[in-house]
Amino acid sequence: MTSSPDVLQAAQAIRPYLAELLELPDADAMRQRLELALSATANSTTQQAEIRRVLSVAEPTREWLRLYLEEQKPAAEILSLIRTYQPLPGKAGTVESPRYVCPVASCHQTWYRRDAAAEVPNCPIHGIQMVRESKV
């Protein structure tokens, strides 16, 4: 169990990072609830429980609190640990869908095949089957 001074210290340390951890309205609301919890004159156990409850409402602040208290990470490093982006493994690239057009020259109806099992539709205007556009 973490001591009350540690939780109070965590609550003070997270305050500058709330705007980066949460969207603006949520960050402002959490900042206000945290201020109320910090200014409460309840006993330390009740205050610690309230601070934990406030910070555990959102996943980013819950993770920040865990890293600060359990893993004892410095406050300045936690944001970069939470915001780290790691792409999926493997070769990245764009996937192009074949484009189909109405064979009538003046028609501008198009359709993209996004699934190989999808049947090519008819043009909604002319009622004839659309054809794959040739790549030039």
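Could you give me the residue pairs with C-beta distances under 7 Å whose first residue belongs to the range 18-47 and is outside any helix (DSSP H, G or I), whose second residue is of a type in the set (A, V, I, L, M, F, W, C) wherever it lies, and which are 6+ apart or on separate chains? Cβ pairs passing all conditions: LEU22/MET30; LEU22/ALA58.
Within the span defined as the range 96-107, one or more residues are in contact with a His (Cβ under 9 Å, 6 or more places away or on another chain), without any contact (Cβ under 8 Å) to a residue 40 or more places away in the chain and either outside any loop (DSSP other than H, G, I, E, B) or within 30 Å of TYR17 (Cβ to Cβ) (or both).
Can you tell me which residue within the range 114-136, out of those that are of a type in the set (Lys, Arg) and out of contact with any Lys or Arg (no Cβ under 8 Å at 6 or more places or on another chain), is surrounded by the most Cβ atoms within 10 Å (Cβ to Cβ)? Step by step, filter the range 114-136, then rank; the result is ARG114.
The one condition from (1) more than 16 Å from ALA11 (Cβ to Cβ); (2) assigned by TED's automatic domain parsing to the domain that holds LEU18 that ALA49 does not meet is (1). All conditions but one from (1) over 30 Å from ALA11 (Cβ atoms); (2) surrounded by fewer than 12 Cβ atoms within 10 Å (Cβ to Cβ); (3) more than 18 Å from the chain's Cα centre (by Cα) apply to LEU88; the one that does not is (3).
The values are calculated or read from the model by the stated rules, or taken from the named source; none is laboratory data. As the structure is a computational prediction, the values presented were derived from the model and not from experiment. Note that each Cβ is placed from the backbone with ideal geometry, even for glycine, and that neighbours are counted across all protein chains shown.
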